[in-house]
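Trainee: Structure provided below as structure tokens; questions to follow.
Nothing in this text is a laboratory measurement; each read-out follows from the coordinates by a stated rule. This structure is a prediction, so every number in the text was calculated from the model and none was measured. Virtual Cβ from ideal backbone geometry, glycine too; neighbours counted across all protein chains shown.
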Amino acid sequence: MRARVPRSNPVHLLTLGGDRPKPEFFSMLRRLWQSAMIGLARSASLKGLMQNNRTAAAMMQRYVAGGTAGEAVATARDLAAKGISVSLFYLGEYVETREGIDEAVREKLAAIKALSDAGLDIHVSVDPTQIGLGVSSDLMAENARTIGHALADAARGPGRHCLMLDMEDHTTIDATLALHDDLAAGGIPVAVTLQAYLKRTEADLQARIQPGGMVRLVKGAFVAGPEIAHVGNAAIKENSRKLIDLMLSQKARDCGFYPVIATHDDRLQDYAIERAKAIGWAPDAYEFEMLFGVRTKLAETLAASGHRIRLYTPFGRDWWPYGIRRIGENPASLPLLVRSLVSR
Ligand SMILES: Cc1cc2nc3c(=O)[nH]c(=O)nc-3n(C[C@H](O)[C@H](O)[C@H](O)COP(=O)(O)OP(=O)(O)OC[C@H]3O[C@@H](n4cnc5c(N)ncnc54)[C@H](O)[C@@H]3O)c2cc1C
């Protein structure tokens, strides 16, 4: 998952939840804070500086599970001991060069091998643009098939093995869904992320429930205008509940659909748990997903109470853009950030 900012409006990354309208002053401060974080994430010179800064690196350890697939799998083993699964994500933002794309594919393959060797779920997340969508749909599809076949070959033992396609901005949706459907038709264990902020998502979801697919539902890290999107936290949350109803419906269960509810919003998680109970879903027939390092206690509580929980777990050396966005979602980390910016 990469929060790729629509070029037309770089300030518009999704802000964090809560239904109550916020006073204008605080929303302005929040927008300023987020645009500052986006600026920091996109600065190549700052990235070079920070990725060599020990204090910054230590701070990002909270969100990034090491530089290599091997290190990420060591973290995955520790989490497995607490009943928590992972989806590994090789970091790499704004990949536009052939070398960058090839490297991302190599690292996804390394993650598949390391997870397989460790006997864990072989579950990797992939951004379509990371594997070539920015160059051509054909290149993306070729790379996705390489990763998908490696994953299917390694996925011999028990577990929920999956090539999870992240969803980027709305211009990439048709290509991503076409890729998903093509891989699924070819027998690859594939799933796709759908975003509750978009009005089209209900139809996209229905089309994947019918054949018994697997969908990860998120609120969406982007915003768009009211012609295609639900605008504002309350509207997005309301649509999330409606989509959760569909994902956890009797019909979805009968179709063999596998719902993934990806949120740190405990009220939405509770809502899903209630719906699942009401319809009679077994606790192992759906799962929650959160980001590594975010609301860790909540993830542990879910696992301890018998729910399936997976953490989207990034690794790699290009950690600054991803890590600074997580810091941006959590203004309480400002003092730590300032310390790392001024330290050498
Ligand atoms: C597993 C996973 C995969 C994702 N994949 C995609 C994708 O492919 N495409 C896409 O557009 N978006 C993706 N997202 C991002 C998603 O769309 C939301 O932008 C993001 O999850 C924030 O919404 P939320 O539902 O978690 O709840 P929010 O309402 O934003 O937050 C709920 C609570 O969590 C706390 N919280 C959130 N972040 C932090 C943090 N960094 N540190 C501390 N506390 C925090 C908030 O303060 C709040 O109390 C993904 C998210 C997850 C969890």
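Trainee: Residues of the range 45-63 with amide nitrogen under 15 Å from the 7 Å Cα-to-Cβ point of Asn330?
Mentor: 56-63
Trainee: Between Asp245 and Val294, take the C-beta separation as r, use R0 = 35 Å, and let me know the FRET efficiency to the nearest 0.05.
Mentor: Efficiency, rounded to the nearest 0.05: 0.90.
Trainee: Quick one: of Lys82/Lys108; Lys199/Lys251; Lys47/Lys113; Lys47/Lys297; Lys251/Lys277, which pairs are farther than 23 Å apart, Cα to Cα? Write out the running numbers ahead of the final one.
Mentor: Working: Lys82/Lys108 25 Å; Lys199/Lys251 21 Å; Lys47/Lys113 29 Å; Lys47/Lys297 30 Å; Lys251/Lys277 15 Å.
With Cα atoms farther than 23 Å apart: Lys82/Lys108; Lys47/Lys113; Lys47/Lys297.
Trainee: How large is Rg over Rh for the chain, taking Rg from the Cα atoms and Rh as the Kirkwood inverse mean of 1/r across Cα pairs? Can you show the working numbers first?
Mentor: Numbers: Rg = 19.1 Å, Rh = 20.4 Å.
Radius of gyration over Kirkwood radius for the chain works out to 0.94.
Trainee: Let me ask something else about it. Helix-only estimate, please: 222 nm mean residue ellipticity of the chain, summing -39500 (n - 2.57) across DSSP H runs of length 4 or more and dividing by its residues, to the nearest 500.
Mentor: So the helix-based figure for the chain works out to -15500 deg cm²/dmol.
Trainee: Only Lys, Arg, Asp and Glu count, each charged at its Cβ (+1, +1, -1, -1), so figure out the dipole size of the chain about its Cα centre, rounded to 20 debye.
Mentor: Rounded to the nearest 20 debye, it is 1080 debye.
Trainee: For the chain, what's the relative contact order in percent, using C-alpha pairs closer than 8 Å and at least 6 residues apart? List each step's numbers first, then the result.
Mentor: Working: 561 pairs, mean separation 88.9, N = 344.
Relative contact order here is 26 percent.
Trainee: Order these peptides, 43-54, 183-194, by their mean beta-carbon neighbour count within 10 angstrom, highest first.
Mentor: Per-residue mean Cβ counts within 10 Å order the peptides as 183-194, 43-54.
Trainee: Which length gain, in nm to one decimal place, applies between Asp78 and Ala203 when the Cα-Cα distance is subtracted from 0.36 nm times their residue separation?
Mentor: On the way: separation 125, 0.36 × 125 = 45.00 nm, distance 3.86 nm.
Here the segment from Asp78 to Ala203 would lengthen by 41.1 nm.
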